[in-house]
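Report on the following structure.
The values are calculated or read from the model by the stated rules, or taken from the named source; none is laboratory data. Keep in mind that what you see is a predicted model, and the values were worked out from it rather than measured. In this analysis, Cβ positions are derived from the backbone assuming ideal geometry, glycine residues included, and neighbour counts consider all displayed protein chains. Calculation scope for accessible area: heavy atoms of the full protein, side chains included, ligands and nucleic acids excluded. Shrake-Rupley method; radii C 1.70, N 1.55, O 1.52, S 1.80 Å.
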Amino acid sequence: MAVHCVDITKNFKTYKKFEGLKGSFKSLFVREHIINPAILNFDLSIEPGEIVALLGPNGSGKTTLMKMLTGIIVPSSGQVTVCDHIPFQREKEFRKKISLVMGQKSQLWWDIPAMDSFKLLQRYYEIEEVPFKRRMDELTETLGVQNYLHIHVRKLSLGERMKLELMASLLHAPEIIFLDEPTIGLDLMAQENIREFIRAYHKEHKSTILLTSHYMADVEALCERLIFIFKGKKYFDGELSQFANIFGRKKGVNFIFQSPQNKNHPFWQDYEATWNEQGTQVKLYLGTAQLREISRKILADYPVIDFFTEELAIERVMKKLIKNPEILQSEIPRDDK
């Protein structure tokens, strides 16, 4: 088992600060605290070679879980093993088996060229010269960063830095790669380049990858299994296709009209119609059985100048679950009829 967690919990203690000088003096003698649970009774098993998405809103506990799995923080209770090691013991062999890429934090030194950071990482991970050079050549060519190695990191664009961050995390050929929002802040082309690299790397090296991202395109492009976490609890763990169809198989279809239409016409009432203010664009959610029939009727009877279907079904599911995650604990209302 690459990752195995049983009933892990992580609590953070925060202290109240009373206002004013009197409050500061009082805090010297009386300190009130609040226990904030970040992860609650969490179970997780990941097989070697899997690529798994960990999804949830901000503050749901995704990064906390990542940090426990990499040994940065210690669980309050429960058992966790990664590559048959206890992460927070931080054994040398364990550190050589994992890597962590955080889109909002850098592991490269900003004021020196990336090549100098790579040389330091070579010493840290005790990589011999021949395999180090082979990995450098392979990753440099695959990522297309030949021209960035000898430039100060702070002078590179975000997309260029992210490629070098990925390269730094893979120099020691880790068995498990933890990617915490690796495409955050990148433009569309840079996101696609990073996704393509991760997909190709996983296919060739069969590494285990745990990914968090707020971009559903990352998840759909890379993952087959998805875990939804909310307020430290696991609400879903299964295949991506199952998650996308939690509320049924209805598909969003957008129609754009040449002129404003009557939003209150009875025809639109049965299809969860969502209009723009001008009445020139409508989104409908249609079941698979009626998609072709209704679309044909709208194209024939209305001045449609363009239409397109919703590609990211999991995005709609995410929005609904963030509003009401408890729905997964009860019978889910289906909408495929």
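Some observations on this one:
- In a residue-by-residue description of the stretch 226-234, the property of being in a helix (DSSP H, G or I) and either at pLDDT 85 or above or at positive phi (or both) applies to no position.
- Single condition ASN262 does not satisfy, out of (1) without any contact (Cβ under 8 Å) to a residue 40 or more places away in the chain; (2) more than 30 Å from ASP218 (Cα to Cα); (3) in contact with a Phe, Trp or Tyr (Cβ under 9 Å, 6 or more places away or on another chain); (4) open to solvent by less than 80 Å² (accessible area, probe 1.4 Å): (4)
- Looking across the stretch 30-40, the residues that are assigned to a strand (DSSP E or B) and of a type outside the set (S, T, N, Q) come down to HIS33, ILE34, ILE35, PRO37, ALA38, ILE39, LEU40.
- Flag if GLY71 is under 16 Å from the mean Cα position of the chain (by Cα), part of a loop (DSSP other than H, G, I, E, B) and among the small types (Gly, Ala, Ser): no
- Among the residues of the stretch 212-225, just one is open to solvent by 60 Å² or more (accessible area, probe 1.4 Å), farther than 16 Å from THR63 by Cα and part of a loop (DSSP other than H, G, I, E, B), namely GLU224.
- Residue satisfying condition, being of a type in the set (D, E, K, R) and in a strand (DSSP E or B), within set ASP43, ASP111: ASP43
- So ARG123, is it open to solvent by 70 Å² or more (accessible area, probe 1.4 Å) and not β-branched (Val, Ile, Thr): yes
- The stretch 183-203 - residue that is in contact with a Lys or Arg (Cβ under 8 Å, 6 or more places away or on another chain) and of a type outside the set (A, V, I, L, M) and, of those, nearest to LEU54 (Cα to Cα): THR183
- Some residue of the stretch 10-28 being open to solvent by 50 Å² or more (accessible area, probe 1.4 Å), under 20 Å from PHE230 (Cβ atoms), touching a residue at least 40 places away in the same chain (Cβ under 8 Å) and not basic (Lys, Arg): yes
- Annotation: VAL52 fulfils all but one of (1) touching a helix residue (DSSP H, G or I) at 6+ places or on another chain (Cβ under 6 Å); (2) assigned to a strand (DSSP E or B); (3) within 25 Å of GLY185 (Cα to Cα); the unmet one is (1).
- Selection of first residues in the stretch 30-49 that are free of Cβ contacts under 8 Å to residues at least 24 places away in the same chain and over 20 Å from SER77 (Cα atoms) and of second residues that are in a loop (DSSP other than H, G, I, E, B) and among the basic types (Lys, Arg), restricted to Cβ pairs under 8 Å at least 6 apart or on distinct chains, gives the following pairs, ordered by first then second residue: ARG31/LYS16; GLU32/LYS16.
- For the residues ILE209, ILE194, ILE177, ILE184, the requirement of being within 25 Å of GLY59 (Cβ to Cβ) and assigned to a loop (DSSP other than H, G, I, E, B) singles out ILE184.
- Number of residues in the stretch 188-227 that are closer than 22 Å to PHE243 by Cα, among the polar types (S, T, N, Q) and out of contact with any Leu (no Cβ under 6 Å at 6 or more places or on another chain) equals 2.
- The set of residues from the stretch 129-182 being open to solvent by less than 30 Å² (accessible area, probe 1.4 Å), farther than 22 Å from GLY49 by Cβ and among the β-branched types (Val, Ile, Thr) comprises THR140, VAL145, VAL153.
- Count of residues meeting criterion [in contact with a Phe, Trp or Tyr (Cβ under 7 Å, 6 or more places away or on another chain) and part of a strand (DSSP E or B)] in the stretch 10-29: 0
- Tally, over the stretch 78-137, of residues that are in contact (Cβ under 8 Å) with a residue 60 or more places away in the chain, among the polar types (S, T, N, Q) and over 18 Å from LEU149 (Cα atoms): 4
- Qualifying residue in the stretch 32-44 (condition: closer than 26 Å to LEU164 by Cα and over 23 Å from the mean Cα position of the chain (by Cα)): no
- Options GLU272, GLU277, GLU315: the member that is over 28 Å from TYR235 (Cα atoms), open to solvent by 30 Å² or more (accessible area, probe 1.4 Å) and not in a strand (DSSP E or B): GLU277
- Condition broken by GLY252, with the remaining ones in (1) open to solvent by 10 Å² or more (accessible area, probe 1.4 Å); (2) in a strand (DSSP E or B); (3) touching a residue at least 60 places away in the same chain (Cβ under 8 Å) satisfied: (1)
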